[in-house]
Amino acid sequence: MHIYTFDSAPNPRRLGLFIAYKGLEIPTTQIDMRSNAHRDEAFLAINPMGTVPALVTDEGVLLTEVIGICDYLESLYPERPLMGRTPLERALVLSWDHRIYTSLLEAFAEMLRNRSPAFANRALPGPIDIEQIPELEHRGRKRFRGTLELLNEELGDQPFLCGDSVTVADIGLLVAIETASWVKESLPDSCTNLQRWLQSTRAALS
Ligand SMILES: N[C@@H](CCC(=O)N[C@@H](CS)C(=O)NCC(=O)O)C(=O)O
């Protein structure tokens with residue numbers, strides 16, 4: 001199998017932390033997004049979506065979604081599980097991951113991509129050129145902040161999002177928080193449960 005990625009971007013980072021935690025070594029090519037290599041014909045021939053990360057299996061099948069790639073790797077390499085140990089845990093992990101993706105990572109992308117000239121006509125990732133809607137920056141900011149406060153309440157004194165073990169959902173939340181400075185956001189000090197969770201999650205993944 002082969003992975004195409006760009007380590008410093010948020011979605012690639014989700015996959016990178018997953019792979020590092022499991023201690024996997026997978027042949028990898030960096031697609032330099034700063035020079036728009038993800039939009040080059042050579043990469044589009046591999047992944048017509050033009051997004052990273054992407055994994056091509058030994059059978060030649062393309063996987064383009066982080067959660068799908070993680071699920072595949074978890075099935076192949078079940079040691080050091082990150083997607084739950086029982087059917088119910090797995091359902092909870094997938095639900096949390098989806099929620100973190102839609103409420104935080106998409107809110108982050110809304111802030112990042114709807115004002116900056118660097119993303120003119122590129123308001124959404126992928127092959128379709130889409131114009132910016134500047135008002136979405138405000139909506140993304142409101143959603144991002146509100147979601148952190150909600151999560152802080154819901155987490156309470158639980159060690160991780162899905163209970164006692166770190167999972168792929170925690171990785172998504174960690175990446176959203178650690179990348180927030182790109183859009184001048186951060187985890188408020190008042191979110192004390194999440195502050196504690198952040199330390200535990202960094203330690204669990206290191
Ligand atoms: N739904 C994809 C999202 C992948 C994605 O949006 N990746 C960004 C980098 S963080 C990208 O490739 N952007 C390409 C672009 O901006 O055109 C996933 O879950 O992996």
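Looking at the range 136-206, the trypsin sites (Lys or Arg not before Pro) that sit in a DSSP loop and have at most 15 other Cβ atoms within 10 Å of their own Cβ are 184. Label positions at residue 186 and residue 98, each projected 7 Å from the Cα along the C-beta direction, are separated by 3.4 nm. The GluC sites (Glu not before Pro) of the range 1-59 meeting both criteria, a DSSP state outside H, G, I, E and B (loop) and at most 16 other C-beta atoms within 10 angstrom of the site's C-beta, are 25, 59. In percent, rounded to a whole number, the relative contact order of the chain is 19, using alpha-carbon pairs under 8 Å and six or more apart.
Every number here is computed from the coordinates shown, using simple stated rules; none is lab data. Fair warning: this is a prediction, and the values are worked out from it, not measured in the lab. Here the Cβ is made from the backbone with ideal geometry for all residues, glycine too, and neighbour counts use every protein chain on show.
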